[in-house]
């Protein structure tokens, strides 16, 4: 009987070890844990967010999606109180980018060719200033790249980010085009707010936020 029990224990351990090994292969590379990043945030009271200085300045949290061989369905939100810029966060805490120069990092994040990571931010309604601004049940998702993304790429990435944001069911998420994406699309004709809105009605993409942040630029 002891032999049978030991054999069953061995089988359970073997299955467990095999499952862990397979899971490691499926999930790809991993990032060294840190208290300054996480894979989910909460709306509206996210501790990682930067609070705008006035009732007209939005709150925001920046994020990075690392591409293959890492899992491109995983979002890395940075503690923006400690790391204002994507570059400083990534080159100190995200393993594949540690020690990169600014030019090296820009080359593999801001251009389509050779891209290794997607940069972006979640834009939240203002919560700073006095009197406190009214709470709005909506937020924007923005992606940063000098080369334009296709509508299909935007829709796929938008859904990945949205799935990582914990919010009440009535909260609405919008696509918030960056200055570069909006300007490049106008010059090249690769998409527009009107066409993106039509895709949304057809269930193929996110709704476009109708306003652009004052100044429009997010520095990496």
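Could you list, in sequence order, all residues of the stretch 59-75 that are in a loop (DSSP other than H, G, I, E, B) and surrounded by fewer than 22 Cβ atoms within 10 Å (Cβ to Cβ)? Let's see the steps before the verdict.
In the first step, residues of the stretch 59-75 are kept if they are in a loop (DSSP other than H, G, I, E, B); the result is 67-75.
Listed by number, the residues that qualify are 67, 68, 69, 70, 71, 72, 73, 74.
Among the residues of the stretch 116-130, are any assigned to a loop (DSSP other than H, G, I, E, B), loosely packed, with under 14 Cβ neighbours inside 10 Å and touching a residue at least 60 places away in the same chain (Cβ under 8 Å)? Step through it out loud before you land on a result.
The first filter runs over the stretch 116-130 and keeps only residues assigned to a loop (DSSP other than H, G, I, E, B), leaving 116, 125-130.
Subsequent filtering for residues that are loosely packed, with under 14 Cβ neighbours inside 10 Å retains 130.
This time we only want the ones that are touching a residue at least 60 places away in the same chain (Cβ under 8 Å), so: 130.
Yes - at least one qualifying residue is present in the stretch 116-130.
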Exercise for the section: Determine, yes or no, whether residue 49 is touching a residue at least 24 places away in the same chain (Cβ under 8 Å) and loosely packed, with under 15 Cβ neighbours inside 10 Å. Expected result: no
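Throughout, read-outs are computed from the coordinates displayed, never taken from laboratory work. Everything numeric here is computed off the predicted structure, so don't read it as measured data. Cβ: placed from backbone, ideal geometry, glycine included. Neighbour counts: every protein chain shown.
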